[in-house]
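What follows is one structure encoded as structure tokens, with my remarks underneath.
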Amino acid sequence: MLAGGKSRRMGADKAFTEVGGRWLIACALSALAEASQRIVVGGRDRRLAQAAAAAGAQQVSDRWPGEGPLGALATALGSARHPVTVILPCDLPAIGAEDVMALVRAVCQAPAGPAPSAAVFTDQRRHHLPLAIETRAVAAAEGLFSSGQRSVASLLDETAVVDVPAPPDAVTDIDCPEDLWSIRPTNLARVEIPEISVAELAELIGADIALIDVREPDEHAEARVPGAVLIPLGAIPERLADLPDRHLYMICAMGGRSLKAAEYLIARGWACTNVAGGTNGWVEAGYPHDSGPVVD
């Protein structure tokens, strides 16, 4: 398990982003449940040590921290003690043990040859990670790194690659907060989202409901339903503590983004209702609305 990336697009260490009530790294580590040896390659982060211990994994410090995945991969291969090693990134929340075993079987069934065998998932393109590879590829990985290479692709060029048809969930990763809305971890069931119309919302406005506007700040300032509290869609995972502990009514421009927010929150225990038609429908129906910046 590689967990030493800088997560620039996420804005925080994505290994510890919560998905389905678990850290991302814990979701991916569960896919290695049948492995006889589990290694987490990363820095000396306290949470990393905690995640590794919870999964019964060995934490190993990257020999070349901050220098890309090839060095981390070489570190893992150098610490492995079995003929085949599986390399997973920490940001695959929906990959399962059966997906990992498909890669391992492909390597084990590959014809023996001078070059190490490797197996990757392929659909419209070849995914370099996750990866199953003969552990003897450590020499090639270290040699390539010493020569200045930093990408996993450079190592695959030196191996006999087996392409395995990619299950969509197994290769869908999370790089930025918006990706959380397109991922459905395997431990989350499809949920039904209650909806109301803008006319039904108008009847509730005087009842001090918790109305959450998931649009962007400029949209919220241009026109909003009175009392709508702004929490943009991409910020919801990190602002769960800011949500009121009562039934939430989710609204956006037309109902699409708020539907995603409601589904995300319902799967995590909140009671939510989506406002179909959204703020645009509210304004078009002639209901009173506020505009301008919110003054505390």
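The values are calculated or read from the model by the stated rules, or taken from the named source; none is laboratory data. Bear in mind that the values here come from a model prediction, so they are computed numbers and not experimental data. Backbone-built Cβ (ideal geometry, glycine too); neighbour counts: all protein chains shown. SASA here: full protein model, heavy atoms, side chains in, ligands and nucleic acids out. Shrake-Rupley method; radii C 1.70, N 1.55, O 1.52, S 1.80 Å.
Tabulated values for the structure
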quantity	calculated
Enumeration of residues in the stretch 128-160 that are closer than 18 Å to Met101 by Cβ and in a strand (DSSP E or B)	Leu129, Pro130, Leu131, Ala132, Ile133, Glu134
Pair list, Cβ < 7 Å and 6+ apart or interchain, from the stretch 136-153 residues that are open to solvent by less than 70 Å² (accessible area, probe 1.4 Å) to residues that are of a type in the set (Val, Ile, Thr)	Ala137/Thr159
Identity of the residue in the stretch 155-166, over 18 Å from Pro114 (Cβ atoms) and open to solvent by less than 40 Å² (accessible area, probe 1.4 Å), that ends up modelled with the lowest pLDDT	Ala166
Residue count for the stretch 203-212, restricted to those that are touching a residue at least 40 places away in the same chain (Cβ under 8 Å) and either open to solvent by 40 Å² or more (accessible area, probe 1.4 Å) or part of a helix (DSSP H, G or I) (or both)	1
Helices (runs of 4 or more DSSP H) wholly inside the stretch 32-109 that include at least 1 residues being closer than 19 Å to Gly4 by Cβ, open to solvent by 10 Å² or more (accessible area, probe 1.4 Å) and charged (D, E, K, R)	46-54
Residue tally, condition surrounded by 15 or more Cβ atoms within 10 Å (Cβ to Cβ) and within 20 Å of the chain's Cα centre (by Cα), over the stretch 114-129	6
Hits in the stretch 249-277 - residues which are touching a Cys at 6+ places or on another chain (Cβ under 7 Å) and in contact (Cβ under 8 Å) with a residue 60 or more places away in the chain	Ala262, Ile266
Filter result (surrounded by 16 or more Cβ atoms within 10 Å (Cβ to Cβ) and in contact with a strand residue (DSSP E or B) (Cβ under 9 Å, 6 or more places away or on another chain)) within the stretch 238-259	Leu243, Leu248, Tyr249, Met250, Ile251, Cys252, Gly255, Arg257, Ser258, Leu259
The stretch 281-296 - residue that is open to solvent by 70 Å² or more (accessible area, probe 1.4 Å) and free of Cβ contacts under 8 Å to residues at least 40 places away in the same chain and, of those, farthest from Ala223 (Cα to Cα)	Asp296
Residues located in the stretch 107-138, provided they are touching a His at 6+ places or on another chain (Cβ under 8 Å) and either of a type outside the set (A, V, I, L, M, F, W, C) or farther than 18 Å from Ala153 by Cβ (or both)	Thr135
Filtered residues of the stretch 266-276 (kept if in contact with a helix residue (DSSP H, G or I) (Cβ under 9 Å, 6 or more places away or on another chain) and surrounded by fewer than 21 Cβ atoms within 10 Å (Cβ to Cβ))	Arg268, Trp270, Ala271, Ala276
